[in-house]
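No lab work stands behind these numbers, since they all come straight from the coordinates. Because the structure is a prediction, the values reported are computed rather than measured. Methodologically, a virtual Cβ is constructed for each residue, glycine included, from the backbone with ideal geometry; neighbour enumeration extends over all protein chains shown.
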């Protein structure tokens, strides 16, 4: 069985490379292909330029504009299964006509944040594919726009090596030591707001509510803004300038972090506020749960699956956010005690040790059906 994952190369999600490594360790042949930039991820874990004569820059763009269809056919011929990781609407022009069995693996933003024109292109893919990998919280929105395709659903997700790292680091990393290492004000309650630099994280809306806190309440807090991808410099400045103007102490991070740094940041944090516009069970939120963070989330987010699992979190709208935070600051120890119970629940739900067998079973079933 040979699988080709169609995705952006280099990968923008660490779960892609983690999945490939784990499939290979189980004897499955798998590579990755980027048909929009002419790159591949070979069997040795290296990124390779697949274009003739190693074309780059403007020549590469011209070549792919003219010959993307034939390029895609050539480099997918050997595949038994194609797996589209992030359902880019433009795939509808190139994949259905290949005669290959293929899966649409939804990431979240490719479902929730696409316009009507893009959804019409995606409809072609969902109608012709052999499997649709998604999480259960996506189903109502999916069926509202694309109809019931339950005969194609595969319920799975990326695991996360970082979830295991954070889980193991809890109790072994000292917060005071980390505060000094990260040059932070000691003795504060550390509140993480969002997990990337995109405006959809709604940092400014959160800050607008925190403005109403008293000076004494503000003095208890230290805000952490992980903004290492997404957004742009103008948006970053608007967030930091707003925090400063409201008298809030903060640290913002714009450079890409190592896994070790991300793990340390999770351990540093006491409270995480996640009020982004949509969410497809982001790994960063699960890492916060595993770290024992007290989680405050937008009431509009589709987190019923977590509630059913017994995960503890608080919900809020923007108007109530300041009061929810006040109550949290007054009951940190009690809420923390409830929150640390989330670690084992999430690890069983999102560890690669559990999930990799499900990926293999789904691929194997599709492969057997195609024989």
Of [x] 193; [y] 164; [z] 151, the label for volume of the Cα convex hull per residue in Å³ derived from the coordinates: [z]
In nm, spacing of pseudo-spin labels at residue 186 and residue 120 (7 Å Cα→C-beta vector): 6.2
Cα-Cα pairs of segment 28-147 separated by more than 18 Å (percent): 55
Residue of 331, 49, 156 that the Gaussian network model of the chain assigns the largest fluctuation, springs spanning Cα pairs under 10 Å: 331
Segment 81-142 shape via C-alpha gyration tensor axes, a/c threshold 1.5: oblate
Rg(Cα)/(2.2 N^0.38 Å) for segment 161-350, N = residue count: 0.95
Label-reachable residues, segment 119-138, where backbone N falls under 20 Å from a point 7 Å from residue 68's Cα toward its Cβ: 119-129
Antiparallel bridges, percent of DSSP beta bridges restricted to segment 223-316 (to nearest 5): 0
Alpha-carbon centroid distance for the pair segment 67-103 / segment 267-301, whole angstrom: 35
Cβ-based exposure ranking for 235, 190, in which fewest neighbours within 10 Å come first: 235, 190
Cα shape, segment 317-371, gyration tensor, a/c 1.5 rule: oblate
Tilt relative to the chain, helix 259-268 - C-alpha long axis, 0 to 90 degrees, to 10: 30
For the chain, share of DSSP beta bridges that run antiparallel, in % to the nearest 5: 15
Burial ordering of 12, 359, fewest other beta-carbon atoms within 10 Å first: 12, 359
Degrees, to the nearest 10: 321-330 long Cα axis against longest axis of the chain: 60
Stretchable slack from residue 353 to residue 237, in nm (0.36 nm times residue separation minus alpha-carbon distance): 37.7 nm
Helix-only CD estimate at 222 nm, as mean residue ellipticity for the chain, using -39500 (n - 2.57) per DSSP H run (n ≥ 4): -13500 deg cm²/dmol
Three-way shape label, segment 239-371, alpha-carbon gyration tensor, a/c 1.5: prolate
Order of 293, 353, 130, 83 - criterion: other Cβ atoms within 10 Å of each residue's Cβ, fewest first: 353, 130, 83, 293
Contact order normalised by residue count of the chain, Cα under 8 Å, 6+ apart, percent: 15
Rounded FRET efficiency, nearest 0.05, which uses the C-beta distance separating residue 255 from residue 155 and R0 of 30 Å: 0.25
Rounded tilt (10° steps) of 233-245 against the dominant C-alpha axis of the chain: 10
Cα-derived Rg to Rh of segment 190-263, Kirkwood definition: 0.97
